[in-house]
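A short write-up of the structure that comes next.
The values are calculated or read from the model by the stated rules, or taken from the named source; none is laboratory data. This one's a predicted model, so the numbers in the text were calculated from it and none came from an experiment. Please note: Cβ atoms are built from the backbone with ideal geometry, for glycine as well, and neighbour counts cover all protein chains shown.
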């Protein structure tokens, strides 16, 4: 791989893992297995039948869970401890045989991008779940899958274009994450007031 292609793959797999880890691994595994891409040697494990089969199964599980309001937020909370370290490890393996310093830099970059994209995904879904109808949740879920797969495809086939997109994504993240955080705080404040009100009603009700 050319240096720009390697950089795009390293950053792309970290970024995509934060949105949908299983879709990213499944896509890379299928493309490598069918001979459409040649991955660095350290990443060849993604097209191992066991790894590919597990990623495919978990992709479909996540596809279903991610459409259920509330369940998707719980799923995202659990995957905070899966997507971010997996994105870091995949990014470090994508750079191939390099010095430990470069490998560690890729680990930090991949983990940072995974953490950023995961924060936006999980935070925005927590806010969206305040809507009483399920359709916005479904649209958000399908859009996230499309973005993760499409972004990784662009990283593999149009590395320069993807890197430009990634710069814009980072700038967008700086702007949107504080707003998402404010929205989450309002949601939890509402939930806290709701339960306090219910407890007050129960305490005031005649025995």
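Observations, loosely collected:
- Here 120, 139 are screened, and the one residue that is under 11 Å from the mean Cα position of the chain (by Cα) and either part of a helix (DSSP H, G or I) or at positive phi (or both) is 120.
- Among all positions in segment 72-85, there is no residue which is part of a helix (DSSP H, G or I) and farther than 30 Å from residue 179 by Cβ.
- Any chance residue 50 is farther than 24 Å from residue 144 by Cα, over 13 Å from the mean Cα position of the chain (by Cα), at pLDDT 95 or above and surrounded by fewer than 20 Cβ atoms within 10 Å (Cβ to Cβ): yes
- Considering the conditions (1) at pLDDT 95 or above; (2) surrounded by 21 or more Cβ atoms within 10 Å (Cβ to Cβ), residue 109 is excluded by exactly one of them, (2).
- Filtering segment 158-169 to residues that are exposed (fewer than 13 other Cβ atoms within 10 Å of the Cβ) and either out of contact with any helix residue (DSSP H, G or I) (no Cβ under 8 Å at 6 or more places or on another chain) or touching a residue at least 40 places away in the same chain (Cβ under 8 Å) (or both) leaves 160, 164, 167, 168.
- Residue match in segment 98-105 (condition: crowded, with 21+ Cβ neighbours inside 10 Å and touching a residue at least 12 places away in the same chain (Cβ under 8 Å)): no
- Residue within segment 38-60 that is touching a helix residue (DSSP H, G or I) at 6+ places or on another chain (Cβ under 8 Å) and within 28 Å of residue 177 (Cα to Cα) present: yes
- Only one of the listed residues (59, 81) is modelled with pLDDT of 90 or more, under 24 Å from residue 116 (Cβ atoms), crowded, with 16+ Cβ neighbours inside 10 Å and out of contact with any strand residue (DSSP E or B) (no Cβ under 6 Å at 6 or more places or on another chain). That residue is 59.
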